[in-house]
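What follows draws every value from the coordinates through simple rules; no lab data is involved. All values derive from a computational prediction rather than experimental measurement. Every residue, glycine as well, gets a Cβ built from its backbone with ideal geometry; the counts of neighbours run over all protein chains shown.
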Amino acid sequence: MTAQTSKVVLSLDAKEVDLLKDGVNFKKNPSDGKCYIIYKSVGGFKACKNQCKHQGGVFIKDIEDLDGRTVKCTKHNWKLNVSSMKYVNPPDSFQQDEL
């Protein structure tokens with residue numbers, strides 16, 4: 001059995017956390033350039049890699065999403081509800097790994 005390890009992939013100071021808007025936020029790690037999605041709500045925060053599980057495309061803000069919860073993959077237009085980490089288009093296809 002392989003032991004699990006933890007790794008800090010992105011660190012935000014208190015000021016940066018305060019500047020996050022409610023809903024979807026894209027943040028880049030300045031040390032390695034990798035991008036992450038942080039979802040802020042009254043209930044707290046959720047985060048994931050900015051990489052679609054389907055074929056590895058990156059997500060962008062979904063301009064059709066009026067609730068501010070959905071991002072869209074640039075490769076095949078798959079949509080991810082970041083508040084639940086579930087793909088909504090196509091429905092019931094994948095669940096995004098939450099960090």
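A few points about this structure:
- Total charge dipole magnitude, the range 57-98, about the Cα centre, Cβ charges on Lys, Arg, Asp, Glu only, Debye to nearest 20: 140 debye
- Proximal aspartates and glutamates to K7, defined as alpha-carbon separation beneath 18 angstrom and excluding residues fewer than eight positions away on the same chain: D32, D97, E98
- Estimated 222 nm signal from helices in the chain, with DSSP H stretches of n ≥ 4 weighted -39500 (n - 2.57), rounded to 500: -1500 deg cm²/dmol
- Cα gyration tensor shape of the range 7-46, rounded if a/c is under 1.5, else prolate or oblate by comparing a/b with b/c: prolate
- Given charges at Cβ of Lys, Arg, Asp, Glu: the chain dipole, positive-most of H54, V88, G44: H54
- Cα-based Rg of the chain normalised by 2.2 N^0.38 Å, two decimals: 1.10
- Among G56, G44, G68, the largest mean-square fluctuation in a Gaussian network model of the chain (Cα springs under 10 Å) belongs to G44.
- Each Lys and Arg contributes +1 and each Asp and Glu -1, all at the Cβ; summed about the Cα centre of the range 1-63, the dipole is approximately 160 debye.
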